[in-house]
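The values are calculated or read from the model by the stated rules, or taken from the named source; none is laboratory data. Small disclaimer: the values here were computed from a predicted structure and weren't measured. Ideal geometry is used to build each Cβ from the backbone, glycine not excepted, and the neighbour counts take in all protein chains shown.
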Amino acid sequence: NAGVMQNPRHLVRRRGQEARLRCSPMKGHSHVYWYRQLPEEGLKFMVYLQKENIIDESGMPKERFSAEFPKEGPSILRIQQVVRGDSAAYFCASSVGGETHEQYFGPGTRLTVT
Amino acid sequence: GNSVTQMEGPVTLSEEAFLTINCTYTATGYPSLFWYVQYPGEGLQLLLKATKADDKGSNKGFEATYRKETTSFHLEKGSVQVSDSAVYFCALRKAAGNKLTFGGGTRVLVKP
């Protein structure tokens, strides 16, 4: 059973470009979470999605960031007009259900904005 | 709001030494507490957890006890191995909640 897949593992973007990060949850998991780890900091919650629904986006920056989890295909975290401060590791986690169910993490995407 | 504070690293130890990583939290109610481990180049893996006061989580020789009176969840291992070299994250999830709140992580380096 494959784990949570994220791609790309490393992404380099110039300031002003768009970044698209993909997350394929574990088989049978319909809940996806995105976390961001800034340099020298812990992981910070960004958004929680179920298929076709955003459940909690309280950790998402108000502008330039969006997330989706369509009925088919991976979850996408999209960052428009990237700035240097967006450079971070972005981790996706998935679970079979909400609340008490364990979250399984992917290896992360390291975004570098030059 | 909820927060987790853990000791800063790096922590450098010799093989077979005793490891303690301190973790304290601030939260309302009765959160669940977790330790995650991140090996180089990999995602986070759940190491152990405790869901109520005085619970002890244990796995792979690691232990942590949920202490509500001191709002702590310190991680311990009696005899570390080189393969324990990793970054360790303490985290909490509030009751009836989904998102995890993480501490800053502690890098542990075990030398032979």
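Below, the figures for the structure above:
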{"item": "Flag if residue B:69 is in a strand (DSSP E or B), of a type outside the set (S, T, N, Q) and farther than 29 Å from residue A:90 by Cβ", "result": "no"}
{"item": "Any hit, region A:12-29, residues being within 24 Å of residue B:4 (Cβ to Cβ) and either over 13 Å from the mean Cα position of the chain (by Cα) or modelled with pLDDT under 95 (or both)", "result": "no"}
{"item": "Any hit, region B:94-104, residues being of a type in the set (Lys, Arg), part of a strand (DSSP E or B) and either touching a residue at least 24 places away in the same chain (Cβ under 8 Å) or over 20 Å from residue A:90 (Cβ atoms) (or both)", "result": "no"}
{"item": "Search result, residues across region B:86-112 that are more than 13 Å from chain A (Cβ to nearest Cβ) and either surrounded by 18 or more Cβ atoms within 10 Å (Cβ to Cβ) or under 11 Å from the mean Cα position of the chain (by Cα) (or both)", "result": "B:86, B:108, B:110"}
{"item": "Residue B:82 surrounded by fewer than 17 Cβ atoms within 10 Å (Cβ to Cβ) and either touching a residue at least 60 places away in the same chain (Cβ under 8 Å) or on the phi > 0 side of the Ramachandran plot (or both)", "result": "yes"}
{"item": "Region A:64-114: number of residues that are surrounded by fewer than 13 Cβ atoms within 10 Å (Cβ to Cβ), at pLDDT 95 or above and within 14 Å of chain B (Cβ to nearest Cβ)", "result": "0"}
{"item": "Any hit, region B:23-32, residues being over 11 Å from the mean Cα position of the chain (by Cα), under 20 Å from residue B:101 (Cα atoms) and free of Cβ contacts under 8 Å to residues at least 60 places away in the same chain", "result": "yes"}
{"item": "Residue match in region A:8-15 (condition: loosely packed, with under 15 Cβ neighbours inside 10 Å and in contact with a helix residue (DSSP H, G or I) (Cβ under 7 Å, 6 or more places away or on another chain))", "result": "yes"}
{"item": "Residues of region B:39-56 classified as of a type outside the set (Lys, Arg), within 13 Å of the chain's Cα centre (by Cα) and either within 11 Å of another protein chain (Cβ to nearest Cβ) or farther than 24 Å from residue B:15 by Cβ (or both), total", "result": "4"}
{"item": "Strands (runs of 3 or more DSSP E) contained entirely in region A:29-108, each with at least 3 residues that are out of contact with any Pro (no Cβ under 6 Å at 6 or more places or on another chain) and over 28 Å from residue B:49 (Cα atoms)", "result": "A:65-68, A:75-79"}
{"item": "All positions within region B:20-36 that are β-branched (Val, Ile, Thr) and either at pLDDT 95 or above or touching a strand residue (DSSP E or B) at 6+ places or on another chain (Cβ under 7 Å) (or both)", "result": "B:20, B:21, B:24, B:26"}
{"item": "Options B:64, B:17: the member that is at pLDDT 95 or above and assigned to a strand (DSSP E or B)", "result": "B:64"}
{"item": "Residue list for region B:38-58, filter: surrounded by fewer than 13 Cβ atoms within 10 Å (Cβ to Cβ) and within 30 Å of residue A:8 (Cα to Cα)", "result": "B:40, B:41"}
